């Protein structure tokens, strides 16, 4: 599975050289990894074929390698015990179960794991689809002109500062994924040159991830630590992480101020096929822009109030906006109604990017399910002798290769919340983990949800980002980490 993941990752990185779309490579590694796991689950889980579930539940070796499977085994043993009507020797009855019985349980565990991960992945995909549709609908009504008409500078450096600062604070209020989609639509109205837009797209990724790290709702990993009790105080997250996160954005911006030169020119018309062949009224632009923006801002409010996954709030917002546009254009000519409808907008959504997301997340989920990511976390813990700064910095850099969510989940499982010290509630370990996991993914374009979204929307290649943006992102990442250390570690 590791070999398949590495080969697939290289295929994604070299998509322009091998002439295979990254979505195809991602789907292949995702499904092949799960196929390998399902065909030989005992091998992956480290279980002997003739081993009974009572032995599995008591095996320390399995518990360390794949803790989720060990918990499942314990649960199944307790359930079996309750079902045994004969009050004889429980251990004897369990150990006499034939291997087929145990294999059946293991297959059920594999299916259960797939269902669990598929729900989480589907939540992200539906969220992405909802956000992209709302943003495209605002764009179809030329709503972003309310922002772009107020930005007059053509200097690359000045525009870069404006876009990044706007992205940074918007990401904290929305989240880094939604903000990236919105800001790409904004720069398409401001910059005609593809290479210049790619540069701005790279910095949008850096700014969005940095902005999301210091807000409880800005990045999924910070939200995890907030909801699960590691950092229950939202005030501490904001106060302690806003300065390191700001540094992680300002340092790359400072470097860009030195090296980036020239001006940008606005496009003659909006980039994208089918946009603005009809011109909505000014009040319609304003209405759709403000309702759409309110809908995006409503998502974290709905999540906090209901504790439902974020995609439910996003789909509710989309449903409201869809209804408003239908009523708004119901009496208009057929062509105008068609151009400004949600049905027309849905045809412009980049489905390949959604499938790419599916494949990558499925591949990472398979590695997590068989315990590879836990093994990595244990290796870091042993190698760095529980030094919180070294461990968290390494997790942040690893999150650029694999998704930050399972890495943070592995850390949460390894380090229980203590009564006092670094690992206590609101402790320094958890705060620094939120910063590192939130900003480290900027090092590679597929290292974060924001990066994948921008990659799909602007067709930025992995290699271009690696050559042009990665160094900026890594320098900013280490600068922010050093800032946190000087603030709280000395």
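The length gained by stretching the chain between residue 487 and residue 330 to full extension, at 0.36 nm per residue less their Cα-Cα distance, is 50.8 nm. Modelled spin labels at residue 294 and residue 459, positioned 7 Å past Cα toward Cβ, are 3.7 nm from each other.
With a 10 Å Cβ neighbour count serving as the proxy for reagent exposure, in which order, fewest first, do 389, 465 appear? Provide the component values of the computation, followed by the final result.
Working: 389 17, 465 25.
Lowest count first: 389, 465.
Mind pulling the angle between the C-alpha long axis of helix 372-383 and the longest principal axis of the chain? Nearest 10 degrees, somewhere in 0 to 90. Approximately 80 degrees, to the nearest ten. Using 0.36 nm per residue and subtracting the Cα-Cα separation, the extra length available between residue 10 and residue 467 on full extension is 163.0 nm.
If I compute Rg/Rh (Cα atoms, Kirkwood Rh) from the structure I just sent, which labelled value in (1) 1.10; (2) 0.95; (3) 1.01 lines up? Looking at Rg/Rh (Cα atoms, Kirkwood Rh) for this model, the match is (3). Could you state the angle between the C-alpha long axis of helix 310-328 and the longest principal axis of the C-alpha atoms of the chain, as a value from 0 to 90 degrees rounded to the nearest 10? Roughly 30 degrees, rounded to the nearest 10. Per-residue extension of 0.36 nm, minus the Cα-Cα distance of residue 107 and residue 194, leaves a gain of 26.4 nm for this segment. Set the Förster distance to 25 Å, then compute FRET efficiency between residue 238 and residue 150 from the Cβ-Cβ distance, nearest 0.05. Result of the calculation: an efficiency of 0.35. Residues 167, 263 in ascending order of nearby Cβ atoms (within 10 Å, fewest first): 263, 167.
Listed from fewest to most Cβ neighbours within 10 Å, the set 189, 22 follows the order 189, 22.
Angle of helix 351-369 to the longest C-alpha principal axis of the chain, folded into 0 to 90 degrees and rounded to 10: 20°.
For residue 387, project a label point 7 Å along Cα to C-beta. Then give me every residue of region 464-490 with its amide nitrogen under 15 Å of that point. Residues 482, 485-486, 489-490 qualify, since their backbone N sits under 15 Å from the label point.
Quick note: the coordinates plus some simple rules give every number you see, no bench work behind them. Because the structure is predicted, anything quoted here is derived from the model rather than measured. Quick reminder, even Gly has a Cβ in these numbers, built from the backbone with ideal geometry, and neighbours come from all protein chains shown.
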